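J.: Here it is, the structure in full.
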Amino acid sequence: MKSSAAKIQRRAISGVFLLNKPLGISSNAALQKVRWLYRAQKAGHTGALDPLASGLLPICLGEATKFSHYLLDSVKRYQTTIQLGHSTTTGDVEGEVLLRQAVPILSHERIEQVLAQFQGNVMQVPPMYSALKKEGRPLYELARQGIEIEREARPVTIDAIELLSFTEQSMTLDVTCSKGTYIRVLGEDIAKALGTYGHLTYLHRIKTGHFDLIPSYSIEYLESLSEAEREALLLPAYAPVQHFLHIQVPEGRAEYFSRGMESNIDHPAEPQVLVFDGEKCLGLAEITDRKRLVPKRVLNL
């Protein structure tokens, strides 16, 4: 018996879509929705956001997935609100109240003094409610069973913290940080340094690497467009590494590069360059100190 629903015909489409992920869905669910709308054969995201977090989630389609790890490793920027006075089991509004403590009188000067303690290189203990794994099991699965294990502190870098506003019971911050930073933990640690407890009520990512959030690029907006209009929103497959040096492939060597073969090139050594044949990007390469062009990531476009 044939299914009444027509099977989606996947296609080899490549590019990057700068999704504004909504609240309430996982990053993987958002990824699969975008992939379905583009009918893409292959897709991946570049750093998960919790269901209770929103904002920029670059989606790499097709050949762009070859460069997605460069965004995973990049600097991120968030806006977040910390509710003071009590902590929760998850570090955000989803969890149950854990500990309570009166909030001391806050002043702009006092908050700035505390925030200064968290700028630069700091050590951070990952939360139990995280995707880190212990013997193959995500920590959040153990946490839901009431199991807590010891976690080693990890180094992260807080490049900047700006106080946007505050009340007697909360504060809103703009945070620029390295990969692997848990903003929930940062919020808890800041609250403790102020002499109370805290948890996040709002987390919104506004920057990933060199990409800025485009607020209108929502799932609903994508759904409202034609296929051609959706394609027009895609950045090139090489967009995650577009800031690397651009060079032209040596004359007559484009096909060899696309086969993964090295070439001689009269150019100073460079660890990472984007190689073009005219306007067409062929991929990512290294130029060795022996003036050899060595393909590292070849694009099949």
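J.: Looking at the range 62-72 only, could you name the residues that are within 14 Å of the chain's Cα centre (by Cα) and open to solvent by less than 10 Å² (accessible area, probe 1.4 Å)?
T.: So in the range 62-72, the residues within 14 Å of the chain's Cα centre (by Cα) come out as 65, 67-72.
Residues satisfying the conditions are 67, 71.
J.: Looking for whichever is among the β-branched types (Val, Ile, Thr), surrounded by 12 or more Cβ atoms within 10 Å (Cβ to Cβ), modelled with pLDDT of 95 or more and closer than 30 Å to residue 20 by Cβ here; the options are 196, 201. Which one fits? Can you show your working first?
T.: Working: 196 fails: closer than 30 Å to residue 20 by Cβ.
Criteria check complete, one pass: 201.
J.: How many of the residues making up the range 156-181 are out of contact with any helix residue (DSSP H, G or I) (no Cβ under 9 Å at 6 or more places or on another chain) and either outside the structural domain of residue 121 (by the TED database) or in a loop (DSSP other than H, G, I, E, B) (or both)?
T.: Residues of the range 156-181 out of contact with any helix residue (DSSP H, G or I) (no Cβ under 9 Å at 6 or more places or on another chain): 157, 159-160, 164-165, 167-170, 172, 174, 176, 178, 180-181.
Those left that are additionally either outside the structural domain of residue 121 (by the TED database) or in a loop (DSSP other than H, G, I, E, B) (or both): 167-169, 178, 180-181.
Residues meeting the conditions: 6.
J.: A follow-up question, please. I'd like the residue in the range 73-116 that is within 27 Å of the chain's Cα centre (by Cα) and among the basic types (Lys, Arg) and, out of all such residues, is most open to solvent (accessible area, probe 1.4 Å).
T.: Looking at residues that are within 27 Å of the chain's Cα centre (by Cα) and among the basic types (Lys, Arg), I get 77.
J.: Let me ask you something else. Being in contact with a strand residue (DSSP E or B) (Cβ under 7 Å, 6 or more places away or on another chain), assigned to a strand (DSSP E or B) and open to solvent by 10 Å² or more (accessible area, probe 1.4 Å) is the requirement here; does residue 56 meet it?
T.: No: the conditions fail for residue 56.
J.: Could you please find all residues in the range 251-264 being over 12 Å from residue 295 (Cβ atoms) and touching a strand residue (DSSP E or B) at 6+ places or on another chain (Cβ under 8 Å)?
T.: The answer is 264, and nothing else.
J.: So residue 7 ticks every box in (1) assigned to a loop (DSSP other than H, G, I, E, B); (2) closer than 16 Å to residue 213 by Cα but one. Which box is left unticked?
T.: The failed condition is (2).
J.: Starting from the range 91-105, keep only residues that are over 22 Å from residue 126 (Cβ atoms), then list their pairs with residues that are surrounded by 12 or more Cβ atoms within 10 Å (Cβ to Cβ) and hydrophobic (A, V, I, L, M, F, W, C) whose Cβ atoms are within a distance under 6 Å, requiring at least 6 positions of separation or different chains.
T.: Here the result reads 103/84, each pair linking the range 91-105 to a residue that is surrounded by 12 or more Cβ atoms within 10 Å (Cβ to Cβ) and hydrophobic (A, V, I, L, M, F, W, C).
J.: Considering only residues that are out of contact with any Ser or Thr (no Cβ under 9 Å at 6 or more places or on another chain) and at pLDDT 95 or above, look in the range 5-21 and name the one that is farthest from residue 45 (Cα to Cα).
T.: Of the range 5-21, the ones out of contact with any Ser or Thr (no Cβ under 9 Å at 6 or more places or on another chain) are 5-13, 15, 17.
Narrowing further to those that are at pLDDT 95 or above: 13, 15, 17.
Values: 13: 15, 15: 12, 17: 10 Å.
Filtering the range 5-21 for residues that are out of contact with any Ser or Thr (no Cβ under 9 Å at 6 or more places or on another chain) and at pLDDT 95 or above, the one farthest from residue 45 (Cα to Cα) comes out as 13.
The values are calculated or read from the model by the stated rules, or taken from the named source; none is laboratory data. Worth saying up front: this structure is predicted, and the values here are computed from it rather than measured. Note that we place each Cβ from the backbone using ideal geometry, even for glycine, and neighbour counts take in every protein chain shown. For accessibility, only protein heavy atoms count, side chains too; no ligands or nucleic acids. Shrake-Rupley method; radii C 1.70, N 1.55, O 1.52, S 1.80 Å.
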